[in-house]
Amino acid sequence: MNHSTGQASTDLEQAEQEAWFAQVLDVLRGAGPEARAFVDYIDQEGVTLGFSPQRHSSASWFDWRRLRRGIFLRPAYARRDPHDPDLAVMIAHEALHLRQGVLEALSVRGELEAWQSEYALACRLSASRAVSAKAALTELDPNSRDDLKRARALMGQIGGPAYRIGWLPLEPLPAEMRHWIRRLLGLSHKEDDR
């Protein structure tokens, strides 16, 4: 497996960095069929794995500094044991966003689906990211606008003020626009907000 890992901002040499990510992916691969599907996606799509400073998160599916898509962890994580299940969980979360596409990933629905998947995987791997506060998110329906509003509030509480979930539309932008146009034209009612 040869992943293009980008430039590391740590002392890891390129080959060591690739080997480190390979070990993290092995942890993910061993976590069951759904987790293996994330590794298959990363392999098939040639997803870049690397390190990039993150302001408000642990990982990202887009490197804003170099304007490239991939999965990028905070450079400090390079010093962690690659068998730490939290690393595999973060990579799976970002792989799901890449698989969703930009419009879905940049919505509360996309984030809710990623957090739900993250929580299930974290529980399976006994990762510390399986915090009980996230359990309530697993009961929410990503296709219900009311539940998406609840998810936004819960994720805001869990993520804190730096987590900008409030900036995202509830649904992917085209669906969100359709919803509000229908509302403005009187073609839907408040109870249709689901």
Test: residue in the stretch 65-82 that is free of Cβ contacts under 8 Å to residues at least 40 places away in the same chain, under 17 Å from A114 (Cα atoms) and aliphatic (A, V, I, L, M): yes
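Yes or no, residue by residue, for (1) surrounded by 14 or more Cβ atoms within 10 Å (Cβ to Cβ); (2) at pLDDT 90 or above:
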position: A120; (1), (2): yes, yes
position: L137; (1), (2): yes, yes
position: R152; (1), (2): yes, yes
position: G159; (1), (2): yes, no
position: L173; (1), (2): yes, yes
position: M177; (1), (2): no, yes
position: W180; (1), (2): no, yes
Residue match in the stretch 20-32 (condition: modelled with pLDDT of 95 or more, under 20 Å from A105 (Cα atoms), under 19 Å from the mean Cα position of the chain (by Cα) and not in a loop (DSSP other than H, G, I, E, B)): no
Hey, L112 farther than 28 Å from P82 by Cβ and surrounded by 15 or more Cβ atoms within 10 Å (Cβ to Cβ) or not: yes
Test result for Q116, in contact with a Lys or Arg (Cβ under 9 Å, 6 or more places away or on another chain), modelled with pLDDT of 95 or more and among the polar types (S, T, N, Q): yes
Cβ pairs under 7 Å, 6+ apart, first in the stretch 163-181 and farther than 18 Å from R150 by Cα, second part of a helix (DSSP H, G or I): L173/L103; P174/L103
Close pairs (7 angstrom Cβ cut-off, 6 or more residues apart or separate chains): closer than 18 Å to P82 by Cβ in the stretch 43-55, among the β-branched types (V, I, T) and part of a loop (DSSP other than H, G, I, E, B) anywhere: T48/T5; L49/T5; G50/T5; F51/T10
Meets criteria (in a helix (DSSP H, G or I) and in contact with a His (Cβ under 7 Å, 6 or more places away or on another chain)) for G166: no
Failed item, numbered, when H93 is tested on (1) modelled with pLDDT of 95 or more; (2) surrounded by fewer than 12 Cβ atoms within 10 Å (Cβ to Cβ); (3) in a helix (DSSP H, G or I): (2)
Any hit, the stretch 139-149, residues being at pLDDT 90 or above and touching a Phe, Trp or Tyr at 6+ places or on another chain (Cβ under 9 Å): no
Residue match in the stretch 46-66 (condition: assigned to a helix (DSSP H, G or I), within 15 Å of L28 (Cβ to Cβ) and at pLDDT 90 or above): no
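The values are calculated or read from the model by the stated rules, or taken from the named source; none is laboratory data. It should be emphasised that the depicted structure is a prediction, and the values quoted were computed from it without experimental measurement. Glycine gets a Cβ as well: all are built from the backbone with ideal geometry, and neighbour counts include every protein chain shown.
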